[in-house]
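Undergrad: Sending over a structure as structure tokens; questions will come in a sec.
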Amino acid sequence: MSDSEILRPHAEQQFAHELAALSANDDRPRPPGWKMSPWAVVRYLLGGELADGTVISPKYVGQQRLIEIAVATLATDRALLLLGVPGTAKTWVSEHLAAAISGDSTLLIQGTAGTTEETLRYGWNYARLLAEGPSSEALVPGPVYRGMQRGALVRVEELTRMPPEVQDALVTVLSEKVLPVPELDSEIAAIRGFNLIATANNRDRGVNDMSSALRRRFNTVVLPLPATAEEEISIVSRRVAELGVALALPEVPAAEDEIRRVVTVFRELRSGMTADQRTSLKVPTGTLSTAEAISVVTNGLALAAHFGDGELRATDIAGGIVGAVVSDPVNDAVVWREYLEGVVADRADWGDFYEACRALDS
């Protein structure tokens, strides 16, 4: 199967040419086990042009200092925690950091209420375990086990969704850099280059709080929402274009006006204030993040391409916006209706969007 047939290639596959170019142009010191220097990792995340003319596309739009702190953390013996509200590119950043530093972003644990210690560390081939007893051949390595063996970065998504006792299985790994295997009376010692990147949402802080012992083993970097509307529009436009190619959507003409409209609605409702700072607004229960804006526009492009006239219009994005805002049918419906009648209805150039949203209520 070729990379072009894969719905979502891993970062190290999709951007292999950029990683190769950066490595070839990188003459700075590299920490043990790293594929490139910290400088090159930051350049890969933020984009730029190399001396040989290779253009590196930006993977993250935001403060350079935040990425530098994250990369510097991974060059020490401290693990990295990326914290922020949903949709602030925590997963995206962690994947690209792993791809640039280790050349492999696949050592991944998705944190859920059902995540067990075996998911993190290792499990057993029970047929061999029953037939032969505990042995290295019967052991099935988990991502942390493999990352320590290889000297590679391991990613833990949604750390605070995992039960506390499972989270704390990482304490020994992060403090002693060993993984005990008591069944075999042995341990796995981490190879240089091993470290861990975890992500957690600010809004999920109360789901399963991290213990103080575990939190002390992390340096925390908070990834904020885009600071300005223009910055957010740029992020949405670029990601929508990339997703359109990956999903093989028919080409739709430039849709900057509708992207700006989606971003404006989301920013106003999540801040509780109109862009001109003149009107206070009720805030819905949903996050209305940049990631959700990307989803709304991508869905709108699919509607325009397959069921419209090939041009992104207000009718293509209205349903997605309403669905994103009204996550609570009781409270959010009131918030949305007040915003629609009190703000959208009075904007002269938003008549088509107002009518499209009103039509969804009929």
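Undergrad: Consider only pairs whose beta carbons are under 9 Å apart and that are at least six residues apart or on different chains; among these, list those whose first residue lies in the range 294-312 and is without any contact (Cβ under 8 Å) to a residue 24 or more places away in the chain and whose second residue is of a type in the set (A, V, I, L, M, F, W, C).
TA: Asn299/Ile317; Leu303/Leu312; Leu303/Ile317; Gly308/Val252
Undergrad: Scanning for something surrounded by 16 or more Cβ atoms within 10 Å (Cβ to Cβ) and of a type in the set (S, T, N, Q), does the range 145-160 turn up at least one residue? So that I can check it myself, show each step before the final result.
TA: Going through the range 145-160, the residues surrounded by 16 or more Cβ atoms within 10 Å (Cβ to Cβ) turn out to be 145-148, 150-160.
Checking which are of a type in the set (S, T, N, Q) leaves us with 160.
Yes.
Undergrad: Could you tell me which of the residues Leu66, Leu50, Leu46, Leu82 is under 25 Å from Ile294 (Cβ atoms), in contact with a strand residue (DSSP E or B) (Cβ under 9 Å, 6 or more places away or on another chain) and free of Cβ contacts under 8 Å to residues at least 40 places away in the same chain? Explain how you work it out, then say what you get.
TA: On the way: Leu66 fails: free of Cβ contacts under 8 Å to residues at least 40 places away in the same chain; Leu50 fails: under 25 Å from Ile294 (Cβ atoms); Leu82 fails: free of Cβ contacts under 8 Å to residues at least 40 places away in the same chain.
Matching residue, one of Leu66, Leu50, Leu46, Leu82: Leu46.
Undergrad: Which of the numbered conditions does Ala72 fail, given that it passes all the others? Conditions: (1) crowded, with 20+ Cβ neighbours inside 10 Å; (2) among the small types (Gly, Ala, Ser); (3) in a helix (DSSP H, G or I).
TA: (1)
Undergrad: Taking the condition part of a helix (DSSP H, G or I), among the charged types (D, E, K, R) and in contact (Cβ under 8 Å) with a residue 12 or more places away in the chain, does Asp316 pass? Show your work before the answer.
TA: Values: part of a helix (DSSP H, G or I): yes; among the charged types (D, E, K, R): yes; in contact (Cβ under 8 Å) with a residue 12 or more places away in the chain: yes.
It is true that Asp316 is part of a helix (DSSP H, G or I), among the charged types (D, E, K, R) and in contact (Cβ under 8 Å) with a residue 12 or more places away in the chain.
Undergrad: Among the residues of the range 185-214, which ones are assigned to a helix (DSSP H, G or I), loosely packed, with under 13 Cβ neighbours inside 10 Å and either touching a strand residue (DSSP E or B) at 6+ places or on another chain (Cβ under 7 Å) or not small (Gly, Ala, Ser) (or both)?
TA: Arg203 - this is the single residue of the range 185-214 that is assigned to a helix (DSSP H, G or I), loosely packed, with under 13 Cβ neighbours inside 10 Å and either touching a strand residue (DSSP E or B) at 6+ places or on another chain (Cβ under 7 Å) or not small (Gly, Ala, Ser) (or both).
Undergrad: Looking at Arg161, Arg215, Arg155, which is the one that is at pLDDT 95 or above and either out of contact with any Pro (no Cβ under 6 Å at 6 or more places or on another chain) or farther than 22 Å from Ser94 by Cβ (or both)? Quick ask: steps written out before the conclusion?
TA: Numbers: Arg161 fails: at pLDDT 95 or above; Arg215 fails: at pLDDT 95 or above.
Of Arg161, Arg215, Arg155, the one residue that is at pLDDT 95 or above and either out of contact with any Pro (no Cβ under 6 Å at 6 or more places or on another chain) or farther than 22 Å from Ser94 by Cβ (or both) is Arg155.
Undergrad: Right, Glu256: touching a helix residue (DSSP H, G or I) at 6+ places or on another chain (Cβ under 8 Å), free of Cβ contacts under 8 Å to residues at least 24 places away in the same chain and either surrounded by 21 or more Cβ atoms within 10 Å (Cβ to Cβ) or in the same structural domain as Glu311 (by TED's automatic domain parsing) (or both) or not?
TA: On the way: touching a helix residue (DSSP H, G or I) at 6+ places or on another chain (Cβ under 8 Å): yes; free of Cβ contacts under 8 Å to residues at least 24 places away in the same chain: yes; either surrounded by 21 or more Cβ atoms within 10 Å (Cβ to Cβ) or in the same structural domain as Glu311 (by TED's automatic domain parsing) (or both): yes.
Against the criterion (touching a helix residue (DSSP H, G or I) at 6+ places or on another chain (Cβ under 8 Å), free of Cβ contacts under 8 Å to residues at least 24 places away in the same chain and either surrounded by 21 or more Cβ atoms within 10 Å (Cβ to Cβ) or in the same structural domain as Glu311 (by TED's automatic domain parsing) (or both)), Glu256 qualifies.
Undergrad: Continuing with this model, one more query. Could you check the range 260-314 and list, in sequence order, the residues that are within 19 Å of the chain's Cα centre (by Cα) and hydroxyl-bearing (Ser, Thr, Tyr)?
TA: Within the range 260-314, Thr287, Ser289, Thr290, Ser295, Thr298 qualify.
Undergrad: Now for a different question. Conditions first: (1) hydrophobic (A, V, I, L, M, F, W, C); (2) surrounded by 16 or more Cβ atoms within 10 Å (Cβ to Cβ); (3) in a helix (DSSP H, G or I); (4) at pLDDT 95 or above. Ile109 passes all but one, so which condition is the exception?
TA: (3)
Undergrad: With in contact (Cβ under 8 Å) with a residue 40 or more places away in the chain, closer than 26 Å to Gln64 by Cβ and under 24 Å from the mean Cα position of the chain (by Cα) as the only criterion, which of Asn201, Asn208 stands out? First the steps, then the outcome.
TA: Working: Asn208 fails: closer than 26 Å to Gln64 by Cβ.
Only one candidate qualifies: Asn201.
Undergrad: Oh, and also: Looking at Ala227, is it surrounded by fewer than 13 Cβ atoms within 10 Å (Cβ to Cβ) and under 21 Å from Arg150 (Cα atoms)? Full working, then the answer.
TA: Working: surrounded by fewer than 13 Cβ atoms within 10 Å (Cβ to Cβ): yes; under 21 Å from Arg150 (Cα atoms): no.
In short, no.
Undergrad: Taking Glu292 as meeting all but one of (1) of a type outside the set (Lys, Arg); (2) part of a loop (DSSP other than H, G, I, E, B); (3) crowded, with 19+ Cβ neighbours inside 10 Å, write down the number of the exception.
TA: Unmet for Glu292, out of (1) of a type outside the set (Lys, Arg); (2) part of a loop (DSSP other than H, G, I, E, B); (3) crowded, with 19+ Cβ neighbours inside 10 Å: (2).
Undergrad: Could you say which residue among Ala24, Ala20 is closer than 26 Å to Phe194 by Cβ, modelled with pLDDT of 95 or more and outside the structural domain of Thr76 (by TED's automatic domain parsing)? Before you say what the answer is, go through the steps one by one.
TA: Values: Ala24 fails: modelled with pLDDT of 95 or more.
Sole residue among the options that is closer than 26 Å to Phe194 by Cβ, modelled with pLDDT of 95 or more and outside the structural domain of Thr76 (by TED's automatic domain parsing): Ala20.
Undergrad: Same structure, new question: One residue is enough: does the range 11-26 have a residue meeting the conditions out of contact with any Ser or Thr (no Cβ under 9 Å at 6 or more places or on another chain) and assigned to a loop (DSSP other than H, G, I, E, B)?
TA: For the range 11-26, residues out of contact with any Ser or Thr (no Cβ under 9 Å at 6 or more places or on another chain) and assigned to a loop (DSSP other than H, G, I, E, B): absent.
Undergrad: Just to be sure I understand the filter: pairs with C-beta atoms under 8 Å, separated by 6 or more residues or on different chains, first member in the range 327-346 and surrounded by 13 or more Cβ atoms within 10 Å (Cβ to Cβ), second member among the charged types (D, E, K, R) and outside any helix (DSSP H, G or I). Which pairs pass?
TA: Val334/Lys282; Val335/Lys282; Tyr339/Lys282
Undergrad: Identify all residues within the range 259-277 that are crowded, with 16+ Cβ neighbours inside 10 Å and part of a loop (DSSP other than H, G, I, E, B); write none if there are none.
TA: Thr274 - this is the single residue of the range 259-277 that is crowded, with 16+ Cβ neighbours inside 10 Å and part of a loop (DSSP other than H, G, I, E, B).
Undergrad: Return yes or no: is Gly244 more than 17 Å from Glu230 (Cα to Cα), in the same structural domain as Asp352 (by TED's automatic domain parsing) and part of a helix (DSSP H, G or I)? If you could, list the steps in order and put the result at the bottom.
TA: Values: more than 17 Å from Glu230 (Cα to Cα): yes; in the same structural domain as Asp352 (by TED's automatic domain parsing): yes; part of a helix (DSSP H, G or I): yes.
In short, yes.
Undergrad: Going residue by residue through the range 168-180, is there one that turns out to be under 22 Å from the mean Cα position of the chain (by Cα) and outside any loop (DSSP other than H, G, I, E, B)?
TA: Residues of the range 168-180 under 22 Å from the mean Cα position of the chain (by Cα): 170.
This time we only want the ones that are outside any loop (DSSP other than H, G, I, E, B), so: 170.
Yes, the range 168-180 contains at least one residue that is under 22 Å from the mean Cα position of the chain (by Cα) and outside any loop (DSSP other than H, G, I, E, B).
The values are calculated or read from the model by the stated rules, or taken from the named source; none is laboratory data. No experiment lies behind these values; they were computed from the predicted model shown. Please note: Cβ atoms are built from the backbone with ideal geometry, for glycine as well, and neighbour counts cover all protein chains shown.
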